[in-house]
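**Q** This is the structure I have questions about; it appears just below.
The values are calculated or read from the model by the stated rules, or taken from the named source; none is laboratory data. Keep in mind that this is a model prediction, so the values were computed, not measured. Quick reminder, even Gly has a Cβ in these numbers, built from the backbone with ideal geometry, and neighbours come from all protein chains shown.
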Amino acid sequence: MSTPLIELDGLSQAYGSFVALDGVSGLVPVGRIGLVGANGAGKSTLIKVLLGILRPSQGSAKVLGLSAVDDTIALRSRVGYMPERGGLPPDQTAADFMIYAAELAGIPHKAARQRASDVLTLVGLHEERFRHLGDFSTGMMQRALLAQAIVHDPDVVLLDEPLAGLDPEGRDQMLRLIGRLEGFGIHTLVSSHVLSDIESTCDWILMLEAGRAIRNSALDDLVDEETVELEVLRDEEGVAEALRDRGAEVRVMGHRLEVTTVEHDPYDLIRSVLVDKGVGMRLLRPGVKTLEDAYLRDGGRQ
């Protein structure tokens with residue numbers, strides 16, 4: 001990785017006494033990035049700082065090596081933005097607005113017409129390109145928002161809750177569209193609180209909780225840890241405490257324990273503890289680790 005997609009250094013953003021971002025630091029590589037967290041975690045605020053819309057209270061942010069404060073004009077020529085909600089002019093056709101958006105980015109009129117046609121075809125709106133945006137359904141409007149974000153062929157596009165308001169079929173279509181952008185050389189940062197959508201689309205996770213970064217790593221590092229599900233005959237809490245004392249993370253669910261280890265083989269560790277405690281078991285099997293599991297675990301530490 002020569003130039004990171006995003007560089008954050010002590011980034012803080014406050015609205016009066018409310019702190020939306022609190023000392024966020026880290027490097028995010030190019031690729032398909034998932035920005036995850038609950039509503040109010042600071043996701044939209046971070047996107048607005050990266051776009052240069054908000055000036056950070058403290059610290060700094062760079063996108064593709066460009067300062068979000070000092071290089072705003074150069075940065076916006078390389079970045080696309082899909083806002084969470086609409087705002088497109090209802091009395092313009094999709095084609096006219098896409099041409100306008102392309103020309104705003106400095107593309108000559110003839111090339112802008114071709115570019116508008118290309119992106120509307122890409123997002124599945126070719127047949128609807130002469131309809132007024134005010135007549136679009138929610139799903140069509142979301143696809144139009146994506147089209148205007150990429151009409152100037154950016155290097156990266158920032159997508160703020162792109163699946164908001166979509167039905168299951170619309171969500172699937174949007175996820176497929178986002179997944180295709182990498183093939184056109186466009187990196188993506190997708191903000192969402194729906195973790196299963198991020199898990200199916202992204203390969204790197206920046207996880208926020210109450211304005212702080214609690215994870216910044218490859219998705220595989222989150223979901224591929226060695227996890228084992230164990231059901232003991234008695235003394236669940238005692239077994240869990242003994243496992244924790246030896247470095248394991250344990251979640252107790254009735255008679256069952258979910259055991260995650262990093263430095264030790266979980267099966268050897270469990271066998272040793274059960275022998276020491278004199279406790280029998282009725283179930284031992286590999287566990288399933290998801291992004292949601294990781295979020296619940298890491299968020300609970302804060």
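**Q** So, in the stretch 157-179, how many residues would count as being among the aliphatic types (A, V, I, L, M) and touching a Leu at 6+ places or on another chain (Cβ under 6 Å)?
**A** Of all residues in the stretch 157-179, those among the aliphatic types (A, V, I, L, M) come to 157-159, 163-164, 166, 174-175, 177-178.
Filter once more, so that each one left must be touching a Leu at 6+ places or on another chain (Cβ under 6 Å): 158, 174.
Of the residues in that region, 2 qualify.
**Q** Before we move on, is Arg143 farther than 19 Å from Leu46 by Cα and assigned to a loop (DSSP other than H, G, I, E, B)?
**A** Numbers: farther than 19 Å from Leu46 by Cα: yes; assigned to a loop (DSSP other than H, G, I, E, B): no.
No, not satisfied.
**Q** Name the residues in the stretch 173-220 that are of a type in the set (Asp, Glu), part of a helix (DSSP H, G or I) and at pLDDT 90 or above, would you?
**A** Glu182, the sole residue that qualifies.
**Q** Is it the case that some residue within the stretch 74-91 is of a type outside the set (Gly, Ala, Ser), surrounded by fewer than 15 Cβ atoms within 10 Å (Cβ to Cβ) and touching a strand residue (DSSP E or B) at 6+ places or on another chain (Cβ under 7 Å)?
**A** Looking for residues that are of a type outside the set (Gly, Ala, Ser), surrounded by fewer than 15 Cβ atoms within 10 Å (Cβ to Cβ) and touching a strand residue (DSSP E or B) at 6+ places or on another chain (Cβ under 7 Å), one finds at least one in the stretch 74-91, hence yes.
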